[in-house]
1. With label points built 7 Å along Cα→Cβ from the Cα atoms of Gln47 and Arg122, find their separation and express it in nm.
2. Filter the chymotrypsin sites (Phe, Trp or Tyr not before Pro) in the stretch 52-94 to those in DSSP coil with at most 11 other Cβ atoms within 10 Å of their Cβ, and list the result.
3. Binning at 10 angstrom from zero up to the longest distance, how are the C-alpha pair distances of the stretch 43-94 distributed in percent?
4. Please report Rg over Rh for the stretch 74-127, where both radii come from the alpha carbon positions and Rh follows the Kirkwood definition.
5. Ile106: net charge of surrounding residues, Cβ under 13 Å, Lys/Arg +1, Asp/Glu -1, itself excluded?
6. From the phi angles alone, apply the Karplus equation (6.51, -1.76, 1.60; θ = phi - 60°) to the stretch 47-63 and give each ³J(HN,Hα) in whole Hz, x where the residue is Gly or Pro.
7. Please turn the phi angles of the stretch 120-131 into ³J(HN,Hα) values with the Karplus equation 6.51 cos²θ - 1.76 cosθ + 1.60 (θ = phi - 60°), one per residue in order, whole Hz, x for glycine and proline.
8. With a 10 Å radius around each residue's Cβ, average the other Cβ atoms per peptide and rank 69-75, 45-51, highest first.
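No lab work stands behind these numbers, since they all come straight from the coordinates. Predicted model only: the values in this text are computed from it and were never measured. So basically every Cβ, Gly included, is an ideal-geometry build from the backbone, and we count neighbours across all protein chains shown.
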Amino acid sequence: MKDFPTAILLGLVMIPTSVHSERNLVPTLENTADFCIDRPELPEWVQNIDIKEAHKGVLLQDIYRFQNMQRIVEGEECSCGTQFPSWDAAQEVYFERYASSERWEIIEASSDYSRRANELRRTAKPICEAEGNW
């Protein structure tokens, strides 16, 4: 019991530090980027999509991500314009191939685009990191 006051004192000294550290870990809802800050906004139809149709917006985002990774790998460069172009090309693919698809077809396509983008990511990431755009 002789060390009890020392333990309490040590605990009291540590509390402000841990509380302060936890405050720094609070997530925010702000969507701010560390690089390529002038990214094009998600198309309005996706921003306003009904929750029951959200899978359509997810597919569009997966197509966009795949196309961007593919451009980076093929061009071996990662400028902001290459990594975050307009949504036009992705929307073109979506509307030509998937606009009238069933929910299960969209989910399946989304999974495929996501998998393919993740495969390309392994090659794209070092290219982008070298340019400071990751």
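1. My value for the distance between the label points is 3.7 nm.
2. On the way: sites: Tyr64, Phe66, Trp87, Tyr94; in loops: Trp87.
Answer by residue number: there is no such site.
3. Reading upward from the zero bin: 25, 48, 22, 5.
4. On the way: Rg = 13.4 Å, Rh = 12.9 Å.
In the stretch 74-127, Rg relative to Rh is 1.04.
5. Numbers: positive: Lys52, Lys56, Arg97, Arg103; negative: Glu53, Asp62, Glu102, Glu105, Glu108, Asp112.
Charge balance in the 13 Å sphere: -2.
6. Taking θ as phi minus 60°, the curve returns 4, 9, 5, 5, 4, 5, 10, 4, 4, 5, x, 5, 4, 4, 5, 5, 4 Hz for the stretch 47-63.
7. 5, 4, 4, 8, 6, 4, x, 5, 5, 4, 4, 9
8. On the way: 69-75: 17.1, 45-51: 11.3.
Output ranking for 69-75, 45-51: 69-75, 45-51.
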